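Enquirer: Before we start, here is the structure in question, set down as structure tokens.
No lab work stands behind these numbers, since they all come straight from the coordinates. Treat the numbers as computed from the prediction; the structure is a model and nothing was measured. When we count neighbours, we look across all protein chains shown, and the Cβ atoms used for this are built from the backbone with ideal geometry, even at glycine.
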Amino acid sequence: MDKEQLFNQVMWTHIVESFVNDLFKDEQTSKGIVVADIDNTLVEPCPEIIGIYKTKNGKTEWLTCHEYDTDPDLLDDNPDVQWDYSDFYDPEKARESILQGIPILGNLEIIDQYIQMGYDFAFLTARSNEDVIKEALEKFLKYRDETGELKHLKNIFKKGFSAAIGDDKYIQVFGDLNAAQKKGKVLEYLCDKYDRVIFIDDSPKNLKVAKELGLLNLEIIEAKRN
Ligand SMILES: [Mg+2]
């Protein structure tokens with residue numbers, strides 16, 4: 001790398017860091033946070049409501065979120081495939097796909113255990129409509145306390161550290177990074193704020209990028225399926 005490339009990279013990193021600090025403003029933090037992806041981690045989104053359109057060789061097909069996450073063309077970054085995420089830009093579909101989705105109990109139990117240990121909670125999703133999602137998850141998500149009672153997350157839910165990286169404000173900061181790389185940037189930021197970060201996600205691509213960050217205080221958990 002020559003001097004100019006190095007300078008550009010350092011400058012770019014610095015600019016991103018300061019923008020990220022502006023994006024995530026939040027209250028007091030505890031020592032740990034559990035950060036969960038939404039689709040096929042917290043919830044199986046209602047397939048009648050939301051999905052992804054894939055166009056390859058002039059043919060368009062509709063994929064569920066799980067089919068999308070494990071699609072070979074996505075994993076290989078095939079440049080000849082077009083992805084259409086328009087369902088996710090629709091606030092009504094975004095909300096209802098969560099509220100009418102199926103909770104994934106195996107992952108919610110893991111999150112409960114961390115919350116009982118005093119961890120905060122945030123979501124990290126490739127979706128858009130961050131505010132709509134915050135509202136939907138506030139209704140949808142509850143945790144089981146040590147007595148087994150279901151409770152609302154209230155101040156355990158760190159909305160200020162939660163991110164729907166498909167929103168324009170993230171695109172402006174992270175530019176043309178792919179979703180897995182953007183998630184990596186958010187995780188780096190959270191690992192700086194918290195002693196311990198637990199990241200749960202079902203996407204092989206997101207898990208791979210998170211592992212490659214090599215952050216010592218980041219634990220990565222592959223989401224269970226229903
Ligand atoms: Mg997912």
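Enquirer: Please find, in a Gaussian network model of the chain (springs between Cα atoms separated by less than 10 Å), the residue of D87, D192, D77 whose mean-square fluctuation is greatest.
Expert: D77
Enquirer: Name the residue farthest towards the positive end of the dipole of the chain from the options L75, N40, C191, assuming +1 on Cβ of Lys and Arg, -1 on Cβ of Asp and Glu, about the Cα centre.
Expert: After comparing all options, I get C191.
Enquirer: Rounded, prolate or oblate, given the Cα gyration tensor of segment 113-182, with a/c below 1.5 counting as rounded? Present the calculation step by step, with values, prior to reporting the outcome.
Expert: Details: a/c = 3.31, a/b = 2.26, b/c = 1.47.
Prolate shape, in that a/c is at least 1.5 and a/b is the bigger ratio.
Enquirer: With only Lys, Arg, Asp and Glu charged, each at its Cβ (+1 for the first two, -1 for the last two), find how big the charge dipole of segment 101-226 is about the Cα centre; round to the nearest 20 debye.
Expert: The calculation lands at about 160 debye.
Enquirer: Oh, and also: Would you mind checking the pairs K159/K193; K59/K183; K59/K185; K54/K205; K158/K183; K59/K182 and listing those with alpha carbons more than 25 angstrom apart? Let's see the in-between values first.
Expert: Values: K159/K193 15 Å; K59/K183 30 Å; K59/K185 34 Å; K54/K205 18 Å; K158/K183 16 Å; K59/K182 29 Å.
Result: K59/K183; K59/K185; K59/K182 exceed 25 Å.
Enquirer: While we're on this one: Which shape class, rounded, prolate or oblate, goes with the chain when its Cα gyration tensor gives a ≥ b ≥ c as root eigenvalues, a/c under 1.5 marks rounded, and past that a/b bigger than b/c marks prolate?
Expert: oblate
Enquirer: To make sure I understand, if each residue's beta carbon is the centre and we count other beta carbons within 10 Å, what order do F121, F140 fall in, fewest to most?
Expert: On the way: F121 23, F140 18.
Lowest to highest Cβ neighbour count: F140, F121.
Enquirer: Given springs between every Cα pair under 10 Å in a Gaussian network model of the chain, which of N40, N107, N78 has the largest fluctuation?
Expert: Answer for the Gaussian network model of the chain: N78.
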